[in-house]
Amino acid sequence: MFSKILIANRGEIACRVMRTARKLGYRTVAVYSDADQAAPHVRLADEAVRIGASAAADSYLCVPALMEAARKTGAEAVHPGYGFLSENAGFAQACLDAGLVFIGPPPSAMLAMGNKALAKRRMLAAGVPCAPGYLGDDQDDQRLTQEASKLGFPLLVKAVAGGGGRGMRLVRAEAELPQALLGARREALSAFGDGTLMLERLIENGRHIEIQIFADAHGNAVYLGERDCTAQRRRQKVIEEVPSPVVNTAMREAMGKDAVAAALAVGYRGAGTIEFMVDADLKHYFLEMNTRLQVEHTVTEMVTGFDLVEWQLMVAAGQPLPAAQADIVLTGHAIEARLYVEDPYAGFAPQTGHVHWWRPQQAPLDGVRIDDGIEEGGQISPFYDPMVAKLIAHGRDRDDAIRRLRAALENTPLLGLRNNGRFLADLLNHGAFRDGAMTTGMIDQWQESGEALLQRPVADDHTWCLAAALFAMRNGANWRADSVAAFDIPLQCDELAQTLRVHPNRSGQVAVVLAGQQHQVKIVDWHDGAMRFEIDGVTRRGVALLQQQQLHLAVGGASFVFSEISPFRGKDLAQDATRARAPVAGKVTQIKVALGDAISDGQALLCVEAMKMEMWLNAQTSGTVAALHVKVGEQVESGALLVEIEPEDKKEA
């Protein structure tokens with residue numbers, strides 16, 4: 001029996017676990033790092049304990065600190081969430097050794113299935129089809145290179161621990177392998193504390209389909225349908241749905257039975273997921289087992305009507321599963337979209353900064369659920385995963401669910417940081433997704449080919465005119481220049497700059513001229529960011545925030561940032577090829593050049609790690625390293641000057 005639960009995690013999943021726990025009468029304990037001391041999950045809990053510095057290795061991955069937090073608060077059980085230590089058998093064992101209930105599978109099952117290499121060995125022994133690969137203990141780079149040559153390319157380098165695409169690299173040619181091994185090992189150590197790697201032949205143009213299973217301590221085990229997680233970028237999921245558009249009843253039953261048998265074979269208890277890759281012929285291959293609750297468990301909850309966290313708590317308390325296989329029926333269709341603070345139009349680069357606007361509670365839609373771990377006014381740091389919220393829609397069929405989810409994305413803008421909200425809405429409407437024809441590598445292929453979906457959206461003329469009117473009007477009250485008949489406003493949005501002619505009047509209406517065309521704009525209402533506006537006789541809604549001379553504007557499902565161009569602007573150093581700046585806020589993990597080195601255009605200079613991702617900074621010109629302003633291990637802000645280069649042409653002169 002237990003009555004107080006420590007959630008050894010943060011953000012969205014910590015909040016989600018707390019909501020169910022509190023609903024069932026359990027007390028909750030949050031843990032937090034220095035970066036998270038004001039985070040929503042801290043305030044939502046009944047008690048909270050600081051466990052260390054901002055870096056995950058010093059806090060959320062620190063087992064002694066978590067054990068001490070449980071001791072100090074009298075927590076009797078620990079829920080690991082997902083990510084961090086959720087699949088770490090050592091952590092599970094530490095909980096048991098401390099007399100705590102671990103809300104997850106036993107350590108033996110985690111060792112058997114949580115380690116991808118060990119799990120594949122068991123599946124091969126059981127006759128479950130697996131993609132060819134190398135699962136050996138010899139981790140020497142020379143041995144890994146030899147095995148890669150035997151397998152052939154393309155292949156995947158994968159961390160045996162953890163999940164979420166961390167510690168994974170796609171290698172298409174042998175020349176790419178050394179850097180892939182180095183990056184995957186380092187990323188896995190940072191995310192999971194284990195740098196062991198495996199190799200796996202890539203199933204090209206495949207689909208990622210997984211089976212949700214649940215088992216208790218009484219010998220019962222069930223599967224709760226499949227989830228199609230094929231829409232991915234860089235091997236990380238962005239959209240998940242149930243049922244899969246390619247799975248029929250017979251295929252679902254066959255995969256479900258195999259998944260349950262696999263779980264029972266290792267004495268599994270609790271929530272788990274058996275993941276398969278499905279090829280073009282709909283043949284499935286065992287990929288891995290996630291020995292935890294998945295990010296995408298929400299879509300399963302929507303179509304089954306069950307609360308899977310409640311199931312976890314019941315099983316951990318020794319109770320039997322609340323439903324038998326015959327009781328599990330999938331009703332309708334559910335789709336989840338992961339909202340990331342990343343820029344889809346710049347290689348999905350992670351973003352950091354302040355949340356200026358986030359009000360999902362003000363956009364209610366039937367059949368829509370939003371799980372988040374952020375709030376307006378909060379700070380997004382570079383230390384953790386860039387996923388900040390999940391939007392889930394349930395409909396009577398797939399088209400119904402897509403329509404509801406697109407509406408939810410349009411109605412809940414996140415302002416202050418670049419994010420993938422518009423990209424998600426466009427992806428849901430893309431022909432490949434609508435037709436159920438996605439593959440796991442398709443988004444990455446689009447990025448290489450310049451697919452329109454990954455081209456940065458450009459504001460239309462109406463949005464430019466609205467921005468000009470809002471800059472002319474301050475705080476929804478008085479026009480900036482009542483006594484002037486007309487004036488120009490030079491504005492910039494992304495790389496485009498335009499000058500608009502504004503003709504205001506005292507009635508609140510303004511004529512705006514752009515590219516020779518005149519548009520009538522009226523701000524009907526503008527309060528606390530929310531506004532109603534009229535352009536050329538049509539009234540619409542939107543969100544507009546003036547923050548530090550920038551206008552953050554969300555209209556019709558698209559978000560833009562406008563700034564008024566100063567007539568006294570200096571040289572744009574951000575575009576200076578001789579000054580290499582940090583692409584994101586994060587920690588410098590590698591420096592490939594030294595003072596005085598000769599470098600060529602495109603050469604790798606250094607690596608910045610942010611949100612468990614590695615971002616390489618490459619030279620934009622040839623020349624000589626004239627100055628290095630950073631050392632390995634230092635934290636840097638986005639845009640910070642890191643390397644100065646003396647270009648070849650200047651040197652020759």
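The values are calculated or read from the model by the stated rules, or taken from the named source; none is laboratory data. Worth saying up front: this structure is predicted, and the values here are computed from it rather than measured. Heads up, the Cβs are rebuilt from the backbone with ideal geometry, glycines too, and the neighbour counts pull from every protein chain shown.
Some notes on this structure:
- Contact map, the stretch 328-356: first residue on the phi > 0 side of the Ramachandran plot and modelled with pLDDT under 95, second residue assigned to a strand (DSSP E or B) and crowded, with 21+ Cβ neighbours inside 10 Å, Cβ cut-off under 7 Å, separation 6 or more or different chains; pairs are PHE348/ARG233; PHE348/GLU342; GLY353/ILE380.
- Boolean, LEU415 is in the same structural domain as CYS229 (by TED's automatic domain parsing), crowded, with 18+ Cβ neighbours inside 10 Å and closer than 21 Å to SER244 by Cβ: no
- Contact annotation: residue pairs with Cβ atoms under 6 Å, 6 or more positions apart or on different chains, pairing a residue in the stretch 472-497 that is closer than 18 Å to GLN518 by Cβ with a partner that is loosely packed, with under 15 Cβ neighbours inside 10 Å and at pLDDT below 60, are ALA472/ARG480; PHE487/ALA481.
- Residue pairs whose Cβ atoms lie under 8 Å apart, sitting 6 or more positions apart in sequence or on different chains, and linking a residue in the stretch 527-555 that is at positive phi to a partner that is surrounded by 14 or more Cβ atoms within 10 Å (Cβ to Cβ) and among the polar types (S, T, N, Q), are ASP536/GLN520; GLY537/GLN520; GLN549/SER563.
- Of the residues GLU240, GLU226, GLU301, the single one that is out of contact with any Phe, Trp or Tyr (no Cβ under 6 Å at 6 or more places or on another chain), without any contact (Cβ under 8 Å) to a residue 40 or more places away in the chain, under 30 Å from LEU454 (Cβ atoms) and crowded, with 21+ Cβ neighbours inside 10 Å is GLU226.
- Taken together, ALA53, ALA14, ALA38 contain a single residue that is surrounded by 17 or more Cβ atoms within 10 Å (Cβ to Cβ) and within 25 Å of the chain's Cα centre (by Cα), which is ALA14.
- The number of residues in the stretch 399-443 being closer than 14 Å to GLN232 by Cα and in contact with a strand residue (DSSP E or B) (Cβ under 6 Å, 6 or more places away or on another chain) comes to 5.
- Selection within the stretch 155-214 - outside any strand (DSSP E or B), without any contact (Cβ under 8 Å) to a residue 24 or more places away in the chain and among the aliphatic types (A, V, I, L, M): ALA173, ALA175, ALA180, LEU182, LEU189
- Restricting attention to the stretch 151-200, the residues that are more than 22 Å from ARG292 (Cβ to Cβ) and not aromatic (Phe, Trp, Tyr) total 23.
- Taking the stretch 274-320 as the range and being of a type in the set (A, V, I, L, M), closer than 19 Å to ASP258 by Cα and more than 26 Å from the chain's Cα centre (by Cα) as the test, only LEU282 passes.
- Matching option when the condition is buried (at least 20 other Cβ atoms within 10 Å of the Cβ), in the same structural domain as ASP34 (by TED's automatic domain parsing) and closer than 30 Å to GLN236 by Cα, among GLY81, GLY90: GLY81
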